[in-house]
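Trainee: What follows is a single structure, and I will ask about it in a moment.
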Amino acid sequence: METSEEGKALIKKFEGCELESYRCSADVSTIGYGHTKDVSDGDVCTQEEADQMLTEDLEEFEGFVDKLVTVDLEQNQFDALVAWTFNLGPSNLKNSTMLKVLNQGEYNKVPSEMKRWNKAAGKVLGGLVRRREAESLLFEGKDWYKV
């Protein structure tokens, strides 16, 4: 399964696109749509390069979701999980209660489990609250655009 245009739209909305590298809240050099691999301070890229990096990053995160999720997913559910994992990383997916309940077939519990991941450095961040709300709505197949 591949991330749909709707899934990409959610990621793009919440990641934003920066064509000059910056330090994210975790103090990691980042560029484009949240790309961190082999990025150095002072790097620049074009919009086309940012789009290509996103495509390559998504392939990696789609692979993590494919590998770790053992139940069938609808497209919107897959997209939401890829977006969540793109932001939080595969280790958090692998060790999450969210994955455990999902793999037990308890799809209805996934949105509330997604929303629990709204902190950075121990503090609740408004941007993460909104992102988790959007991801949970997408997982449920609901309109997330106004979040």
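Trainee: Within the stretch 116-147, restricting attention to residues that are of a type in the set (Lys, Arg) and in a loop (DSSP other than H, G, I, E, B), which residue is nearest to ASN92 (Cα to Cα)?
Mentor: Taking the stretch 116-147 first, the residues of a type in the set (Lys, Arg) are 116, 119, 123, 130-132, 142, 146.
Then keep just the ones that are in a loop (DSSP other than H, G, I, E, B); that gives 116, 142, 146.
Details: ARG116: 12, LYS142: 24, LYS146: 27 Å.
Filtering the stretch 116-147 for residues that are of a type in the set (Lys, Arg) and in a loop (DSSP other than H, G, I, E, B), the one nearest to ASN92 (Cα to Cα) comes out as ARG116.
Trainee: Okay, next question. Going residue by residue through the stretch 44-64, is there one that turns out to be aliphatic (A, V, I, L, M), in contact (Cβ under 8 Å) with a residue 60 or more places away in the chain and in contact with an Asp or Glu (Cβ under 6 Å, 6 or more places away or on another chain)?
Mentor: Step one: list which residues in the stretch 44-64 are aliphatic (A, V, I, L, M), which gives 44, 50, 53-54, 58.
When the remaining residues are screened for being in contact (Cβ under 8 Å) with a residue 60 or more places away in the chain, the result is none.
No, the stretch 44-64 has no match at all.
Trainee: Next up: Just give me the residues in the stretch 90-109 being in a helix (DSSP H, G or I) and either crowded, with 16+ Cβ neighbours inside 10 Å or at pLDDT below 95 (or both), in sequence order.
Mentor: Residues of the stretch 90-109 in a helix (DSSP H, G or I): 90-94, 97-103, 107-109.
Answer for the stretch 90-109, where residues must be in a helix (DSSP H, G or I) and either crowded, with 16+ Cβ neighbours inside 10 Å or at pLDDT below 95 (or both): PRO90, LEU93, MET98, LEU99, VAL101, LEU102, TYR107.
Trainee: In the stretch 113-125, which residue that is among the small types (Gly, Ala, Ser) and more than 16 Å from the chain's Cα centre (by Cα) is surrounded by the most Cβ atoms within 10 Å (Cβ to Cβ)? Before you say what the answer is, go through the steps one by one.
Mentor: As a first pass, look at the stretch 113-125 and keep what is among the small types (Gly, Ala, Ser): 120-122.
When the remaining residues are screened for being more than 16 Å from the chain's Cα centre (by Cα), the result is 121-122.
Values: ALA121: 7, GLY122: 5.
Step by step, filter the stretch 113-125, then rank; the result is ALA121.
Trainee: Inside the stretch 1-89, counting only helices (runs of 4 or more DSSP H) that do not spill past its ends, which hold 2 or more residues that are farther than 21 Å from GLU140 by Cβ? Walk me through it before giving the result.
Mentor: Details: elements: 5-15, 47-68, 75-88.
Filter on the stretch 1-89 gives 47-68.
The values are calculated or read from the model by the stated rules, or taken from the named source; none is laboratory data. Computed from a predicted model, the values in this text were never measured in an experiment. As a convention, Cβ positions derive from the backbone with ideal geometry for all residues, glycine included, and neighbour counts pool all protein chains shown.
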